[in-house]
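First comes the structure, then the notes that go with it.
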Amino acid sequence: MEELNIGRTLLAILIAVGTVATFTAPDAKSFMNPELARMVFWHLPNAITSTLFLLATTWFSLRYLQTKQEHWDVRATAAQEIALVTGILTLATGILFSKYQWGNWWDWDPRQTSFLFVMMFVGAYFALRAAFDDPTKRASNSAAYSVATILPLLFLIFVFPRLPSVANTSLHPDVVRKGGFDVSYKTVFYSMFVLIGMLCVVLYRLRVRAGLMELALEESYAELASRDDSAATRMVRPVSLSEPDRQEGPRSGG
């Protein structure tokens, strides 16, 4: 436990150092507003992390459909929650980037719009879970939804933005893949990606641990309730009590 606390403390320190580095890194000259282009340090790592956890959700959902073991549903839900949070951060930082680089909060850029649709798919996952009270139906339907929607999600994330007709009209920069960052910018970018990824893994593991504990408590309560019900409905064998003979004969004299 002590080693775990030391590791988390070290991660927190590294994230603080990385945050400072995002403000002190040299300006990216290839952007319209070089000083505020450092938003990329948060935008892209969150987008990549969100995508990775979406893939993890699909894998855990597939494992649940194969085994029907509830701990896979816990893992799938935890991964989808991380994907939702990092996806919202991706949209938020993208909106800020759009405002200070392109002049508008939302330009309906193809990549902006496609990722918005991705987040709508993610939100629908939780809406679907909320529609079922039965835990088994909730887990089965949400797992099936996750597996069924992975191909549209991959299309929106990887294929659609790279279609020639889309890529030629998009304002979205592609400086990372084309090598538009210098060494210092790349160092900070990849460092933030690793740190944000590590933080999300820690949060995911904590969420899974809480979910498994909740699952164990529910099983314990169900077992106790079944014991109470069986005790309440237990058959009691009637016992006949013989009444004393009220009409006893006269006692014989001495």
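The values are calculated or read from the model by the stated rules, or taken from the named source; none is laboratory data. It should be emphasised that the depicted structure is a prediction, and the values quoted were computed from it without experimental measurement. Glycine gets a Cβ as well: all are built from the backbone with ideal geometry, and neighbour counts include every protein chain shown. What goes into the accessible areas is simple: the full protein's heavy atoms, side chains included, and nothing from ligands, DNA or RNA. Shrake-Rupley method; radii C 1.70, N 1.55, O 1.52, S 1.80 Å.
Can you tell me which residue among Ala79, Ala56 is open to solvent by 20 Å² or more (accessible area, probe 1.4 Å) and under 22 Å from Met120 (Cβ atoms)? Let's see the steps before the verdict.
On the way: Ala79 fails: open to solvent by 20 Å² or more (accessible area, probe 1.4 Å).
Going through Ala79, Ala56 in turn, the sole match is Ala56.
Being in a helix (DSSP H, G or I) and in contact with a His (Cβ under 7 Å, 6 or more places away or on another chain) is the filter; apply it to region 95-123 and report the residue that is nearest to Thr169 (Cα to Cα).
This residue is Arg111.
I'd like the full set of residues that are over 18 Å from the mean Cα position of the chain (by Cα) and over 19 Å from Lys29 (Cα atoms), limited to region 182-193.
Matches in region 182-193: Ser191, Met192.
For region 19-37, which residues satisfy the criterion of being touching a residue at least 40 places away in the same chain (Cβ under 8 Å) and either hydrophobic (A, V, I, L, M, F, W, C) or in a helix (DSSP H, G or I) (or both)? Before the answer, list the steps.
Going residue by residue through region 19-37, those that are touching a residue at least 40 places away in the same chain (Cβ under 8 Å) are 21-22, 25-26, 28, 30-33, 36-37.
Across region 19-37, the qualifying residues are Ala21, Thr22, Ala25, Ala28, Phe31, Met32, Leu36, Ala37.
Assess whether Trp72 counts as being at pLDDT below 95 and out of contact with any strand residue (DSSP E or B) (no Cβ under 9 Å at 6 or more places or on another chain). Reasoning before the result, please.
Values: at pLDDT below 95: no; out of contact with any strand residue (DSSP E or B) (no Cβ under 9 Å at 6 or more places or on another chain): yes.
No: the conditions fail for Trp72.
Mind listing whichever residues of region 84-108 are modelled with pLDDT under 90 and open to solvent by less than 30 Å² (accessible area, probe 1.4 Å)?
Of everything in region 84-108, those that are modelled with pLDDT under 90 and open to solvent by less than 30 Å² (accessible area, probe 1.4 Å) turn out to be Gly94, Phe97, Ser98, Gln101.
For the structure I just gave you, tell me whether Arg111 is out of contact with any Phe, Trp or Tyr (no Cβ under 7 Å at 6 or more places or on another chain), basic (Lys, Arg) and open to solvent by less than 50 Å² (accessible area, probe 1.4 Å).
no
Scanning region 153-186 for residues that are of a type in the set (Ser, Thr, Tyr) and exposed (fewer than 12 other Cβ atoms within 10 Å of the Cβ), which turns out modelled with the highest pLDDT?
Step one: filter region 153-186 for residues of a type in the set (Ser, Thr, Tyr), giving 165, 169-170, 184-185.
Then keep just the ones that are exposed (fewer than 12 other Cβ atoms within 10 Å of the Cβ); that gives 165, 169.
Details: Ser165: 80, Thr169: 74.
Ranking the candidates gives Ser165 first.
Quick one: which of Gly94, Gly87 is closer than 29 Å to Arg138 by Cβ, in contact (Cβ under 8 Å) with a residue 24 or more places away in the chain and not charged (D, E, K, R)?
Gly87
Would you be able to say whether some residue in region 121-134 is more than 17 Å from the chain's Cα centre (by Cα) and in contact (Cβ under 8 Å) with a residue 12 or more places away in the chain? Walk me through it before giving the result.
Our first condition is that a residue be more than 17 Å from the chain's Cα centre (by Cα); within region 121-134, this holds for 131-134.
Right, trim to in contact (Cβ under 8 Å) with a residue 12 or more places away in the chain and you get none.
Checked region 121-134: no residue is more than 17 Å from the chain's Cα centre (by Cα) and in contact (Cβ under 8 Å) with a residue 12 or more places away in the chain.
Taking region 23-52 as the search range and keeping residues that are polar (S, T, N, Q) and more than 10 Å from Tyr185 (Cβ to Cβ), which one is most open to solvent (accessible area, probe 1.4 Å)? Quick ask: steps written out before the conclusion?
Here is the first cut: in region 23-52, the residues polar (S, T, N, Q) are 24, 30, 33, 46, 49-51.
Still in the running and more than 10 Å from Tyr185 (Cβ to Cβ): 24, 33, 46, 49-51.
Numbers: Thr24: 101, Asn33: 47, Asn46: 9, Thr49: 4, Ser50: 1, Thr51: 17 Å².
Going through the qualifying residues, I end up with Thr24.
What is the residue count in region 59-76 for residues that are out of contact with any Ser or Thr (no Cβ under 6 Å at 6 or more places or on another chain), surrounded by 23 or more Cβ atoms within 10 Å (Cβ to Cβ) and of a type in the set (Ser, Thr, Tyr)?
1
Being part of a helix (DSSP H, G or I), exposed (fewer than 15 other Cβ atoms within 10 Å of the Cβ), modelled with pLDDT under 95 and not basic (Lys, Arg): is that true of Phe132 here?
No, not satisfied.
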